[in-house]
1. Relative contact order for region 1-90 using alpha-carbon pairs under 8 Å, separation at least 6, rounded to a whole percent?
2. First compute the accessible area of region 93-242 with a 1.4 Å probe, then give the percent of it belonging to carbon and sulfur atoms.
3. Pull up the cross-link candidates among the lysines for K291, meaning alpha carbon to alpha carbon under 21 Å and not fewer than 8 places away within one chain.
4. Helix-only estimate, please: 222 nm mean residue ellipticity of the chain, summing -39500 (n - 2.57) across DSSP H runs of length 4 or more and dividing by its residues, to the nearest 500.
5. Using a 10 angstrom cutoff on alpha carbons, build the Gaussian network for the chain and name the most mobile of S157, S188, S37.
6. For D38, enumerate residues with amide H under 5 Å from its amide H, sequence gap 5+ or separate chain, H modeled in the peptide plane.
7. Between the helical axis of 105-119 and the dominant principal axis of the chain, each derived from Cα atoms, what acute angle in degrees is found, rounded to the nearest 10?
8. Compute the FRET efficiency between K52 and E266 as 1/(1 + (r/R0)^6), taking r as their Cβ-Cβ distance and R0 = 35 Å, and round to the nearest 0.05.
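The values are calculated or read from the model by the stated rules, or taken from the named source; none is laboratory data. Everything numeric in this text was worked out from a predicted model, so none of it was measured. Glycine gets a Cβ as well: all are built from the backbone with ideal geometry, and neighbour counts include every protein chain shown. Just so you know, the surface numbers come from the protein's heavy atoms only, side chains and all, with ligands and any DNA or RNA stripped out. Shrake-Rupley method; radii C 1.70, N 1.55, O 1.52, S 1.80 Å.
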Amino acid sequence: MKVTVKAPANIAFIKYWGKKNEKLRIPANSSISMNLSDAFSVTSVDFDNRLKEDVVKIDDVVSAGGERERVARHLSLVRKMAGKSDYAEVVSKNNFPKASGIASSASGFAALTLAASLAAGLKLSEKDLSILARLGSGSACRSIPDGFVEWRQGSKSEDSFAFSLYPADYWDICDVIAVIGQASKKVSSTEGHTLAESSPFYKTRILGMPQKVKEIKLALRNKDFTRFGEILEAEAVNMHTVMMTSNPPLFYWTPKTLEIILKVIEWRSRGLKVYFTIDAGPNVHIICEEKNVKKLKNNLLMLGDVKEVLINRPAVGARVINLP
Ligand code: DP6
(Lines give C-alpha, C1' and ligand atoms only; values in the text may rest on other atoms or scores of the structure.)
Protein backbone atom coordinates (compact mmCIF):
# COMPACT_ATOMS: atom_id res chain seq x y z
CA MET A 1 0.00 0.00 0.00
CA LYS A 2 1.65 3.18 -1.20
CA VAL A 3 1.11 6.40 0.75
CA THR A 4 2.17 9.86 -0.42
CA VAL A 5 2.64 12.80 1.93
CA LYS A 6 3.51 16.46 1.49
CA ALA A 7 5.38 18.14 4.35
CA PRO A 8 6.76 21.68 4.64
CA ALA A 9 10.21 22.89 5.61
CA ASN A 10 10.12 25.28 8.56
CA ILE A 11 12.05 28.34 9.69
CA ALA A 12 12.94 28.57 13.36
CA PHE A 13 12.60 31.94 15.09
CA ILE A 14 14.07 30.44 18.25
CA LYS A 15 16.62 27.86 17.16
CA TYR A 16 17.55 24.32 18.05
CA TRP A 17 21.33 24.14 18.38
CA GLY A 18 22.80 21.59 20.76
CA LYS A 19 21.31 18.38 22.11
CA LYS A 20 20.85 16.92 25.57
CA ASN A 21 20.72 13.46 24.03
CA GLU A 22 22.37 13.06 20.67
CA LYS A 23 20.96 9.71 19.67
CA LEU A 24 17.38 10.54 20.68
CA ARG A 25 17.72 14.10 19.38
CA ILE A 26 16.47 15.66 22.59
CA PRO A 27 17.35 19.34 22.27
CA ALA A 28 19.07 21.50 24.85
CA ASN A 29 16.26 24.05 24.55
CA SER A 30 12.74 24.52 23.25
CA SER A 31 12.32 26.15 19.83
CA ILE A 32 9.67 28.11 17.92
CA SER A 33 9.07 27.94 14.17
CA MET A 34 6.76 28.56 11.25
CA ASN A 35 6.03 26.08 8.46
CA LEU A 36 6.87 27.33 4.97
CA SER A 37 4.28 27.37 2.18
CA ASP A 38 6.63 27.11 -0.76
CA ALA A 39 9.42 24.83 0.40
CA PHE A 40 8.24 21.24 0.81
CA SER A 41 8.94 17.56 0.22
CA VAL A 42 6.54 15.09 -1.37
CA THR A 43 7.38 11.56 -0.31
CA SER A 44 5.86 8.17 -1.19
CA VAL A 45 6.48 5.04 0.82
CA ASP A 46 5.55 1.54 -0.29
CA PHE A 47 6.44 -1.56 1.74
CA ASP A 48 6.98 -4.49 -0.58
CA ASN A 49 7.85 -8.05 0.45
CA ARG A 50 9.76 -8.58 -2.82
CA LEU A 51 12.42 -6.02 -1.90
CA LYS A 52 15.76 -7.24 -0.53
CA GLU A 53 16.59 -3.88 1.08
CA ASP A 54 15.16 -0.38 1.41
CA VAL A 55 15.38 1.57 -1.84
CA VAL A 56 15.52 5.35 -1.52
CA LYS A 57 15.30 7.86 -4.33
CA ILE A 58 15.63 11.59 -3.60
CA ASP A 59 15.11 14.11 -6.40
CA ASP A 60 15.46 11.34 -9.01
CA VAL A 61 18.78 10.10 -7.66
CA VAL A 62 19.10 6.72 -5.93
CA SER A 63 20.56 7.31 -2.46
CA ALA A 64 23.57 5.43 -1.21
CA GLY A 65 25.84 5.53 1.83
CA GLY A 66 24.95 7.65 4.83
CA GLU A 67 21.90 9.25 3.21
CA ARG A 68 20.28 5.87 2.47
CA GLU A 69 21.29 4.53 5.90
CA ARG A 70 19.61 7.40 7.73
CA VAL A 71 16.32 6.77 5.89
CA ALA A 72 16.61 2.98 6.34
CA ARG A 73 17.17 3.45 10.09
CA HIS A 74 14.02 5.54 10.26
CA LEU A 75 12.04 2.92 8.33
CA SER A 76 13.31 0.30 10.80
CA LEU A 77 11.82 2.28 13.68
CA VAL A 78 8.47 2.25 11.87
CA ARG A 79 8.80 -1.47 11.11
CA LYS A 80 9.49 -2.17 14.77
CA MET A 81 6.45 -0.17 15.90
CA ALA A 82 4.22 -1.89 13.33
CA GLY A 83 5.67 -5.38 13.84
CA LYS A 84 6.54 -5.56 10.14
CA SER A 85 9.60 -6.85 8.34
CA ASP A 86 9.10 -5.77 4.70
CA TYR A 87 11.52 -3.35 3.13
CA ALA A 88 10.22 -0.21 1.46
CA GLU A 89 10.63 1.85 -1.63
CA VAL A 90 10.85 5.56 -0.78
CA VAL A 91 10.56 8.20 -3.49
CA SER A 92 11.00 11.78 -2.34
CA LYS A 93 11.06 15.08 -4.17
CA ASN A 94 11.81 18.55 -2.87
CA ASN A 95 10.21 21.47 -4.69
CA PHE A 96 13.20 23.61 -3.78
CA PRO A 97 16.50 23.02 -5.52
CA LYS A 98 19.40 21.71 -3.44
CA ALA A 99 21.22 24.87 -4.46
CA SER A 100 18.63 26.99 -2.63
CA GLY A 101 20.30 26.00 0.62
CA ILE A 102 17.02 25.15 2.32
CA ALA A 103 17.61 22.09 4.49
CA SER A 104 15.50 19.18 3.30
CA SER A 105 15.86 17.12 6.48
CA ALA A 106 12.89 18.77 8.25
CA SER A 107 10.41 18.41 5.38
CA GLY A 108 11.92 15.11 4.26
CA PHE A 109 11.75 13.32 7.62
CA ALA A 110 8.33 14.77 8.46
CA ALA A 111 6.94 13.46 5.15
CA LEU A 112 8.74 10.14 5.53
CA THR A 113 7.39 9.68 9.06
CA LEU A 114 3.74 10.22 8.16
CA ALA A 115 3.92 8.26 4.90
CA ALA A 116 5.84 5.30 6.34
CA SER A 117 3.68 5.03 9.46
CA LEU A 118 0.46 4.96 7.43
CA ALA A 119 1.91 2.63 4.80
CA ALA A 120 2.86 0.26 7.64
CA GLY A 121 -0.70 0.35 8.95
CA LEU A 122 -0.02 2.53 12.01
CA LYS A 123 -2.41 5.30 13.04
CA LEU A 124 -0.30 7.56 15.21
CA SER A 125 -1.44 10.72 16.98
CA GLU A 126 0.09 14.06 15.96
CA LYS A 127 2.20 13.93 19.13
CA ASP A 128 3.55 10.46 18.36
CA LEU A 129 4.24 11.43 14.74
CA SER A 130 6.18 14.46 15.96
CA ILE A 131 8.22 12.29 18.36
CA LEU A 132 8.97 9.80 15.59
CA ALA A 133 9.90 12.55 13.09
CA ARG A 134 12.25 14.02 15.73
CA LEU A 135 14.20 10.76 15.82
CA GLY A 136 14.96 11.20 12.09
CA SER A 137 15.88 14.88 12.28
CA GLY A 138 15.18 17.17 15.21
CA SER A 139 13.70 20.04 13.21
CA ALA A 140 11.39 17.57 11.38
CA CYS A 141 9.22 17.28 14.49
CA ARG A 142 8.19 20.91 13.92
CA SER A 143 6.96 20.17 10.37
CA ILE A 144 4.24 17.79 11.58
CA PRO A 145 1.81 20.26 13.27
CA ASP A 146 0.25 23.26 11.51
CA GLY A 147 1.31 26.88 11.25
CA PHE A 148 3.24 28.43 14.13
CA VAL A 149 4.82 25.70 16.22
CA GLU A 150 6.54 25.14 19.54
CA TRP A 151 8.87 22.19 20.12
CA ARG A 152 8.99 21.79 23.86
CA GLN A 153 12.35 20.30 24.69
CA GLY A 154 11.13 17.76 27.24
CA SER A 155 13.40 15.59 29.32
CA LYS A 156 12.86 12.21 27.67
CA SER A 157 11.81 10.95 24.27
CA GLU A 158 8.10 10.70 25.10
CA ASP A 159 7.78 14.34 26.09
CA SER A 160 9.97 16.01 23.47
CA PHE A 161 7.60 16.89 20.63
CA ALA A 162 6.15 19.83 18.73
CA PHE A 163 2.63 21.19 18.71
CA SER A 164 0.78 24.02 17.00
CA LEU A 165 0.56 27.35 18.82
CA TYR A 166 -1.51 29.01 16.08
CA PRO A 167 -2.84 27.90 12.67
CA ALA A 168 -1.25 29.03 9.43
CA ASP A 169 -3.79 31.82 8.86
CA TYR A 170 -3.17 33.36 12.30
CA TRP A 171 -0.71 36.02 11.16
CA ASP A 172 0.24 37.14 7.65
CA ILE A 173 3.98 37.36 7.99
CA CYS A 174 6.41 36.06 5.40
CA ASP A 175 9.82 34.48 5.17
CA VAL A 176 11.56 35.99 2.15
CA ILE A 177 14.68 33.96 1.42
CA ALA A 178 17.58 35.67 -0.28
CA VAL A 179 19.42 32.87 -2.04
CA ILE A 180 23.05 33.79 -2.43
CA GLY A 181 24.36 30.42 -3.42
CA GLN A 182 25.17 27.19 -1.81
CA ALA A 183 28.14 24.98 -2.08
CA SER A 184 26.88 21.90 -0.25
CA LYS A 185 27.45 22.25 3.48
CA LYS A 186 30.90 21.33 4.73
CA VAL A 187 29.62 20.65 8.22
CA SER A 188 26.12 19.21 8.51
CA SER A 189 23.80 20.45 11.25
CA THR A 190 23.94 16.99 12.85
CA GLU A 191 27.73 17.36 13.26
CA GLY A 192 27.37 21.01 14.19
CA HIS A 193 25.09 20.26 17.13
CA THR A 194 27.80 18.16 18.75
CA LEU A 195 30.23 21.11 18.64
CA ALA A 196 27.90 23.61 20.29
CA GLU A 197 28.97 22.75 23.83
CA SER A 198 32.58 23.62 23.06
CA SER A 199 31.69 27.31 22.70
CA PRO A 200 32.37 29.36 25.85
CA PHE A 201 29.06 31.12 25.17
CA TYR A 202 26.92 28.00 24.93
CA LYS A 203 26.00 27.77 28.62
CA THR A 204 24.94 31.42 28.66
CA ARG A 205 22.86 30.87 25.52
CA ILE A 206 21.05 27.89 27.02
CA LEU A 207 20.43 29.70 30.34
CA GLY A 208 18.69 32.53 28.51
CA MET A 209 16.44 30.31 26.43
CA PRO A 210 13.36 29.87 28.66
CA GLN A 211 12.97 33.65 28.95
CA LYS A 212 13.48 34.15 25.21
CA VAL A 213 10.87 31.53 24.34
CA LYS A 214 8.46 33.17 26.75
CA GLU A 215 9.04 36.61 25.23
CA ILE A 216 8.67 35.56 21.61
CA LYS A 217 5.47 33.69 22.44
CA LEU A 218 4.12 36.87 24.01
CA ALA A 219 5.05 38.89 20.90
CA LEU A 220 3.38 36.22 18.76
CA ARG A 221 0.26 36.30 20.90
CA ASN A 222 0.09 40.10 20.67
CA LYS A 223 1.09 40.09 16.99
CA ASP A 224 3.72 42.63 18.01
CA PHE A 225 5.85 42.46 14.85
CA THR A 226 8.58 44.82 16.05
CA ARG A 227 9.21 42.91 19.27
CA PHE A 228 8.91 39.60 17.41
CA GLY A 229 11.50 40.72 14.85
CA GLU A 230 13.91 42.05 17.46
CA ILE A 231 13.88 38.76 19.33
CA LEU A 232 14.26 36.50 16.31
CA GLU A 233 17.09 38.57 14.84
CA ALA A 234 19.06 38.67 18.11
CA GLU A 235 18.47 34.92 18.46
CA ALA A 236 19.99 34.18 15.05
CA VAL A 237 23.09 36.21 15.90
CA ASN A 238 23.27 34.47 19.28
CA MET A 239 23.23 31.00 17.65
CA HIS A 240 25.82 31.99 15.04
CA THR A 241 28.05 33.38 17.79
CA VAL A 242 28.03 29.95 19.41
CA MET A 243 28.75 28.37 16.02
CA MET A 244 31.66 30.71 15.28
CA THR A 245 33.17 30.23 18.73
CA SER A 246 32.90 26.45 18.93
CA ASN A 247 35.97 24.26 18.57
CA PRO A 248 36.52 23.84 15.66
CA PRO A 249 34.60 26.99 14.69
CA LEU A 250 31.74 26.90 12.21
CA PHE A 251 31.37 29.80 9.81
CA TYR A 252 28.17 29.43 7.83
CA TRP A 253 28.16 33.11 6.82
CA THR A 254 29.89 34.28 3.67
CA PRO A 255 30.76 37.91 2.88
CA LYS A 256 27.47 38.07 0.93
CA THR A 257 25.55 36.95 4.01
CA LEU A 258 26.98 39.85 5.97
CA GLU A 259 26.30 42.28 3.12
CA ILE A 260 22.61 41.36 3.22
CA ILE A 261 22.52 41.57 7.02
CA LEU A 262 23.83 45.13 6.79
CA LYS A 263 21.31 45.97 4.08
CA VAL A 264 18.45 44.66 6.22
CA ILE A 265 19.60 46.90 9.07
CA GLU A 266 19.90 49.86 6.67
CA TRP A 267 16.44 49.30 5.16
CA ARG A 268 15.00 49.07 8.64
CA SER A 269 16.58 52.37 9.63
CA ARG A 270 14.72 53.86 6.65
CA GLY A 271 11.39 52.54 7.86
CA LEU A 272 11.04 49.14 6.18
CA LYS A 273 10.21 46.70 8.98
CA VAL A 274 12.34 43.67 8.18
CA TYR A 275 14.38 41.32 10.37
CA PHE A 276 16.81 38.56 9.45
CA THR A 277 17.43 35.03 10.59
CA ILE A 278 19.95 32.48 9.28
CA ASP A 279 20.22 28.69 9.63
CA ALA A 280 23.23 26.44 9.07
CA GLY A 281 24.04 27.98 5.68
CA PRO A 282 24.78 31.31 4.01
CA ASN A 283 21.29 32.29 2.84
CA VAL A 284 19.40 35.01 4.65
CA HIS A 285 15.77 34.55 5.67
CA ILE A 286 14.12 37.94 5.98
CA ILE A 287 10.95 38.08 8.01
CA CYS A 288 8.43 40.79 7.14
CA GLU A 289 4.73 41.53 7.10
CA GLU A 290 2.78 40.67 3.94
CA LYS A 291 2.36 44.36 3.07
CA ASN A 292 6.15 44.74 2.71
CA VAL A 293 6.93 41.66 0.62
CA LYS A 294 6.97 43.43 -2.77
CA LYS A 295 9.19 46.25 -1.64
CA LEU A 296 11.58 43.84 0.07
CA LYS A 297 11.76 41.58 -2.96
CA ASN A 298 12.56 44.53 -5.24
CA ASN A 299 15.24 45.74 -2.85
CA LEU A 300 16.83 42.30 -2.79
CA LEU A 301 16.76 41.86 -6.55
CA MET A 302 18.59 45.16 -6.96
CA LEU A 303 21.53 43.67 -5.05
CA GLY A 304 23.70 42.00 -7.66
CA ASP A 305 24.58 39.04 -5.49
CA VAL A 306 21.10 37.69 -4.85
CA LYS A 307 20.48 34.78 -7.21
CA GLU A 308 16.90 34.12 -6.32
CA VAL A 309 14.23 35.35 -3.91
CA LEU A 310 11.87 32.73 -2.48
CA ILE A 311 8.70 33.89 -0.77
CA ASN A 312 7.13 31.74 1.91
CA ARG A 313 3.96 32.27 3.88
CA PRO A 314 2.83 30.33 6.98
CA ALA A 315 1.63 26.82 6.06
CA VAL A 316 -0.04 23.71 7.41
CA GLY A 317 2.04 20.75 8.55
CA ALA A 318 2.43 17.27 7.02
CA ARG A 319 -0.59 16.03 5.04
CA VAL A 320 -1.46 12.87 3.13
CA ILE A 321 -2.03 13.77 -0.51
CA ASN A 322 -3.12 10.39 -1.83
CA LEU A 323 -5.43 8.29 0.22
CA PRO A 324 -4.62 4.60 0.04
C1 DP6 B 1 20.25 25.63 12.49
O2 DP6 B 1 17.23 19.41 12.66
O3 DP6 B 1 18.99 19.64 10.89
O4 DP6 B 1 18.36 24.76 11.34
O5 DP6 B 1 18.48 16.81 14.46
O6 DP6 B 1 20.80 16.58 13.67
O7 DP6 B 1 18.90 16.48 12.02
P8 DP6 B 1 19.42 17.07 13.32
O9 DP6 B 1 19.56 18.63 13.11
P10 DP6 B 1 18.64 19.67 12.33
O11 DP6 B 1 19.13 21.04 12.98
C12 DP6 B 1 18.54 22.27 12.62
C13 DP6 B 1 19.43 23.39 13.02
C14 DP6 B 1 18.99 24.78 12.60
C15 DP6 B 1 18.10 25.43 13.65
C16 DP6 B 1 16.64 25.01 13.69
O17 DP6 B 1 16.05 24.68 12.65
O18 DP6 B 1 16.07 25.09 14.79
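1. Working: 126 pairs, mean separation 27.2, N = 90.
Computed over region 1-90, the figure is 30 percent.
2. Numbers: 3390 of 6110 Å².
Roughly 55 percent of what the probe reaches on region 93-242 is carbon or sulfur.
3. Within the straight-line cut-off, K291 pairs with K223, K263, K273.
4. Numbers: 8 runs with 116 residues, N = 324.
Taking each H run of at least 4 residues, the total per residue is -11500 deg cm²/dmol.
5. Among S157, S188, S37, the largest GNM mean-square fluctuation belongs to S188.
6. Counting only residues 5 or more places away or on other chains, the set is R313.
7. Here the helix axis deviates by roughly 30 degrees.
8. Details: r = 58 Å, r/R0 = 1.67.
So, using R0 = 35 Å, E works out to roughly 0.05.
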